[in-house]
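First up is the structure itself, then whatever we jot down about it.
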Amino acid sequence: MGNTTDFQKDLASIRDMMEKSSRFVSLSGLSGIFAGLFALAGTVYAYFLIYYPNSPFGFRFVYVNQSSVLLKLLLAAALVLIASVLSGFYFSRRKAIASGLPVWSAITRRFLFSILVPLVSGAVFIGLMLLKGNLEIVAPACLLFYGLALMNAGNFTYSEIRVLGALEIGLGLISAWIPGYGLIFWGAGFGLLHIAYGALMYSRYESKH
């Protein structure tokens, strides 16, 4: 009986080592929660900049025609992105150190490459749309390309990230089908879904450690 227990422990240890060597397991749920909070803050700022005191639900077609307003929105989006990346790096680094894993490794490079290719492609596409004045495509494109990046990154990290990616893609398609509610879909995708995903991942992989 004792030999069987030891054998099972050895198998579990081997599986754990193989998982850590083949997948980016330093991804922290806390980074998802904070990214969601930053996105919600950016959404609230954009609401006050564009809609206030009107409701974004009742006023579908609000166009951002002033270059100064568009510039403020782009700066806010950039700040949200920077804050999310920095918090993601901080929490992932902290988790890697606590787990005795290298902060930078071959699997980390593969993970980053898999997620950066769709993101950079999406950023170029969105930039071109902005130059042509197609502002209504920005929110759907953000969600779609981000969802594709997450689906791609699921090959190198936790499989749950694919579920988040699929939900982001779904929101992006709905947002493209129902124009005029981009800010609401953007806040739901990057804010609420991130918080829910981060809380799930934290409770599943981190809270017990």
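The values are calculated or read from the model by the stated rules, or taken from the named source; none is laboratory data. What you are looking at is a predicted structure, and each value in this text was computed from that prediction instead of being measured. Cβ atoms come from the backbone with ideal geometry, glycine included; neighbour counts cover every protein chain shown.
Observations on the model:
- Among the residues making up region 175-187, a single one is aliphatic (A, V, I, L, M), surrounded by 15 or more Cβ atoms within 10 Å (Cβ to Cβ) and out of contact with any helix residue (DSSP H, G or I) (no Cβ under 6 Å at 6 or more places or on another chain): 184.
- Pairing residues of region 158-186 that are of a type in the set (Lys, Arg) with residues that are in a helix (DSSP H, G or I), at Cβ distances under 9 Å and at least 6 apart in sequence or on separate chains, gives 162/150; 162/151; 162/153.
- With respect to the conditions (1) among the β-branched types (Val, Ile, Thr); (2) in a helix (DSSP H, G or I); (3) modelled with pLDDT under 90, residue 44 falls short on a single one, namely (3).
- Among the residues examined, residue 135 does not qualify as under 17 Å from the mean Cα position of the chain (by Cα), surrounded by 13 or more Cβ atoms within 10 Å (Cβ to Cβ), within 30 Å of residue 50 (Cα to Cα) and of a type in the set (A, V, I, L, M, F, W, C).
- For residue 158: the one exception among (1) closer than 18 Å to residue 81 by Cα; (2) at pLDDT below 90; (3) of a type outside the set (A, V, I, L, M, F, W, C): (1)
Yes/no per residue for (1) under 20 Å from residue 126 (Cα atoms); (2) modelled with pLDDT of 75 or more; (3) not small (Gly, Ala, Ser):
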site	(1), (2), (3)
60	no, no, yes
65	yes, no, yes
72	yes, yes, yes
76	yes, yes, no
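- On the stretch given as region 98-114, residues that are under 20 Å from residue 151 (Cα atoms) and surrounded by 12 or more Cβ atoms within 10 Å (Cβ to Cβ) total 8.
- All positions within region 123-178 that are among the acidic types (Asp, Glu) and out of contact with any Phe, Trp or Tyr (no Cβ under 7 Å at 6 or more places or on another chain): 136, 160
- Residue-level check: of (1) crowded, with 18+ Cβ neighbours inside 10 Å; (2) closer than 23 Å to residue 181 by Cα; (3) touching a residue at least 40 places away in the same chain (Cβ under 8 Å), residue 47 misses just (1).
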